[in-house]
Amino acid sequence: MKRIQVLGSGCRNCEITYNAIREAARQAGVEIELKKVTDIATILGYGVMSTPAVVVDDKLVHAGSIPGPDQVRGWVKG
Amino acid sequence: MFDSIGNLVAYRLLNLSPTGQLGPALQFFVMDLAKIFSLLLVVIYLMGLVRSLMTPERVRDAIRQRPDWQARGLAVGLGAVTPFCSCSSVPLFIGFVEAGIPLGVTFSFLIASPMINEVAVVILIGILGWQLTALYVGAGLLVAWFGGLAMQAFRPERWVEGYVWQIRLGQSLLPENDRSLRARHRYALGELRTLVGRLWRWVVLGIGVGALFHGYVPESWVLEHLGGDHWYGVPAAVLLGIPLYANATGVIPVAEAMLGKGVALGTTLAFMMSVATLSLPELLILRRVIRWPALALFCVLLALAFMLVGWGFNWIAT
């Protein structure tokens, strides 16, 4: 199962990103493990200073903005 | 053109009198609403198209390990062109500290970033003309430069929360950006959606306040108290601006109305800077990384700097 993490201090854009990924997974019928990461040390541990950022299976794939729908679908299916 | 849209709605459709209070207020509201939103849509889209992603990560890499004056110059310049959401200021602050960037330089960045940005600049030019825009930007850059220097003189390191020094940044391994036109178009549309979604409330609020000021505040009162003849106009404007918070773009219509009624130039600029830069939410976010004495000092120094800007311009104008 794919593990996807949304990194962010809990601002609105992080929330939107989290929901977009959950929704995309549901539509694709894929089960994923989705987690919000708000701990600042962990976020910076990925070298990220601009949130929201997305980590798929421990690999950073996106940072600094709400991702586009194609991107989100790509991560969910992979 | 936008002027006539305002006239059409306020005086023709609603049949209000141009000499009353509600008429001019509504005319101002409609005119600025049309003008600012057209400008916003165009600017944000074009900027999204041409901007190769200026991320805080890149700013940090550009600034680190440079002599102080170069680092500060870059911090102020990049702060002015990089928009970042205030929810990023904590990771940004820690990222800068971890890179060994002096705190004073970080403060220069934190001052420049909310005060000056490309969207506000284009709208300023559209509403107030390029001369006033140049004055605002020039004064803003100076405040950011010297504000950061002044913070440094107080050794703010002692007020940074202990845990900040422990955090280590991982190597950022972001994939390269897609540079094709299609990807940039999509990025620009995304920017349009997020930025307009974030800005519109501030802009409508700013236009509303500007319209009320334009329609209901008597010119004679403004000229007597805020016309630049009294020293207290500037500190009053700055103090009023600290608790008030609006995005740099939202404060522009207010400034437009103030200038239109004869508020002195320096007083208006000081007010704009105070509203755009100092805000309680921003301070509360920064409180997670730095203790109150440093934040209080930050406010006092900035307030003083804005007053100097205000008095300076009022003095030059007379």
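The values are calculated or read from the model by the stated rules, or taken from the named source; none is laboratory data. Quick caveat: nothing in here was measured; it's all calculated off a predicted structure. Heads up, the Cβs are rebuilt from the backbone with ideal geometry, glycines too, and the neighbour counts pull from every protein chain shown.
Taking region B:214-265 as the region of interest, how many residues are part of a helix (DSSP H, G or I) and over 16 Å from B:Gly129 (Cα atoms)?
Of the residues in region B:214-265, the ones part of a helix (DSSP H, G or I) are B:214-216, B:219-226, B:233-241, B:251-260, B:265.
Among the residues that remain, those that are also over 16 Å from B:Gly129 (Cα atoms) are: B:214-216, B:219-226, B:233-241.
Final tally of qualifying residues: 20.
Got at least one residue in region A:18-41 being within 28 Å of B:Tyr163 (Cβ to Cβ), buried (at least 19 other Cβ atoms within 10 Å of the Cβ) and among the small types (Gly, Ala, Ser)?
no
Quick test for you: out of B:Leu141, B:Leu132, pick the one residue that is more than 20 Å from B:Gly73 (Cα to Cα) and crowded, with 16+ Cβ neighbours inside 10 Å.
Values: B:Leu141 fails: more than 20 Å from B:Gly73 (Cα to Cα).
Being more than 20 Å from B:Gly73 (Cα to Cα) and crowded, with 16+ Cβ neighbours inside 10 Å holds for just one of B:Leu141, B:Leu132, which is B:Leu132.
Could you list all residues from region A:48-59 that are within 9 Å of the chain's Cα centre (by Cα) and of a type outside the set (Val, Ile, Thr)? Walk me through it before giving the result.
Applying the first criterion (within 9 Å of the chain's Cα centre (by Cα)) to region A:48-59 yields A:52-56.
Result: A:Pro52, A:Ala53.
Out of region A:34-43, which residues are modelled with pLDDT of 85 or more and facing chain B (nearest Cβ under 9 Å)?
The one that is modelled with pLDDT of 85 or more and facing chain B (nearest Cβ under 9 Å): A:Ile43.
Check region A:10-33 and report whether any residue there is hydroxyl-bearing (Ser, Thr, Tyr) and touching a helix residue (DSSP H, G or I) at 6+ places or on another chain (Cβ under 6 Å). So that I can check it myself, show each step before the final result.
Taking region A:10-33 first, the residues hydroxyl-bearing (Ser, Thr, Tyr) are A:17-18.
Imposing the further condition that a residue be touching a helix residue (DSSP H, G or I) at 6+ places or on another chain (Cβ under 6 Å) reduces the set to none.
There is no residue in region A:10-33 that is hydroxyl-bearing (Ser, Thr, Tyr) and touching a helix residue (DSSP H, G or I) at 6+ places or on another chain (Cβ under 6 Å).
Of the residues B:Gln65, B:Gln27, B:Gln70, which is surrounded by fewer than 18 Cβ atoms within 10 Å (Cβ to Cβ), away from chain A (no Cβ under 12 Å) and at pLDDT 85 or above? So that I can check it myself, show each step before the final result.
Working: B:Gln65 fails: at pLDDT 85 or above; B:Gln27 fails: surrounded by fewer than 18 Cβ atoms within 10 Å (Cβ to Cβ).
From the options B:Gln65, B:Gln27, B:Gln70, the qualifying one is B:Gln70.
Considering (1) of a type in the set (Asp, Glu); (2) touching a Ser or Thr at 6+ places or on another chain (Cβ under 9 Å); (3) farther than 30 Å from B:Phe154 by Cβ, say which one B:Glu224 fails and leave the rest.
So B:Glu224 meets the others, but not (2).
Anything in region B:270-291 that is part of a helix (DSSP H, G or I), more than 19 Å from B:Phe313 (Cα to Cα) and without any contact (Cβ under 8 Å) to a residue 40 or more places away in the chain? List them, or say none.
Once the filter is applied, which keeps residues that are part of a helix (DSSP H, G or I), more than 19 Å from B:Phe313 (Cα to Cα) and without any contact (Cβ under 8 Å) to a residue 40 or more places away in the chain, region B:270-291 yields B:Leu280, B:Leu283, B:Leu284.
Which one is surrounded by the fewest Cβ atoms within 10 Å (Cβ to Cβ) among residues in region A:47-69 that are more than 7 Å from chain B (Cβ to nearest Cβ) and part of a loop (DSSP other than H, G, I, E, B)?
A:Asp58
From the list B:Leu212, B:Leu265, B:Leu278, which residue is within 18 Å of the chain's Cα centre (by Cα) and surrounded by fewer than 21 Cβ atoms within 10 Å (Cβ to Cβ)? Can you show your working first?
Working: B:Leu212 fails: within 18 Å of the chain's Cα centre (by Cα); B:Leu278 fails: surrounded by fewer than 21 Cβ atoms within 10 Å (Cβ to Cβ).
On inspection, the qualifying residue turns out to be B:Leu265.
Report whether or not B:Ala236 is surrounded by 24 or more Cβ atoms within 10 Å (Cβ to Cβ) and either within 20 Å of B:Phe109 (Cβ to Cβ) or at pLDDT 85 or above (or both). Walk me through how you get there before you give the answer.
Values: surrounded by 24 or more Cβ atoms within 10 Å (Cβ to Cβ): no; either within 20 Å of B:Phe109 (Cβ to Cβ) or at pLDDT 85 or above (or both): yes.
No: the conditions fail for B:Ala236.
Does B:Leu189 meet the test of being more than 21 Å from the chain's Cα centre (by Cα) and assigned to a helix (DSSP H, G or I)? Talk me through it step by step, then tell me what you get.
Numbers: more than 21 Å from the chain's Cα centre (by Cα): yes; assigned to a helix (DSSP H, G or I): yes.
Yes; evaluated as a whole, the condition is true for this residue.
So, B:Trp165, is that one assigned to a helix (DSSP H, G or I) and more than 17 Å from the chain's Cα centre (by Cα) or not?
For B:Trp165, the condition - assigned to a helix (DSSP H, G or I) and more than 17 Å from the chain's Cα centre (by Cα) - is met.
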